[in-house]
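Report on one structure; see the data block that follows.
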Amino acid sequence: MTAAEFRRLALSVPDAVEGSHMGHADFRVRGKIFATLGYPDKTQGMVKLNPEQQRAFCQSDPAAFVPVKGAWGENGCTNVRIRAAREDMVQEALAAACANVPKAAAPRKRAR
């Protein structure tokens, strides 16, 4: 897989948009980041999974999926080694990360 393919898959998520965060590309739904590309280097992406999902992906393909170092990784953020990753697994991880983004809260009614 290539970085361009990772980007294409991330943008194929319904309502996904690309932005930039701290010098690298990010992908958002409802204004929240669910994946990034190019951090910590150009060979990797990142998906924001929950810890249970992270364990499953890392166990199923440890050459492609590895926890991010530190507290972010403990909370489920997972690096994707792009060249080692299979497209179907990345697509599945991106869908899971997108599903983890909270739905927008219902608008509050104004008090009268």
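Annotated for the chain: lysine pairs at least 8 residues apart or interchain, Cα distance under 17 Å, count 5. log₁₀ I(q)/I(0) of region 1-56 at q = 0.31 Å⁻¹, via Debye over equal Cα point scatterers, no solvent, to two decimals? The computed values of log10 I(q)/I(0) come out as -1.27. When only Cα pairs below 8 angstrom with a gap of at least 6 residues are kept, the chain shows a relative contact order of 27 percent.
Just so you know, the Rg over Rh for region 54-101 is 0.94, from Cα atoms, with Rh as the Kirkwood radius.
Three semi-axes describe the equivalent ellipsoid of the chain; taken as square roots of 5 times the Cα gyration tensor eigenvalues and ordered largest first, they are 26, 16, 13 Å.
Throughout, read-outs are computed from the coordinates displayed, never taken from laboratory work. Keep in mind that what you see is a predicted model, and the values were worked out from it rather than measured.
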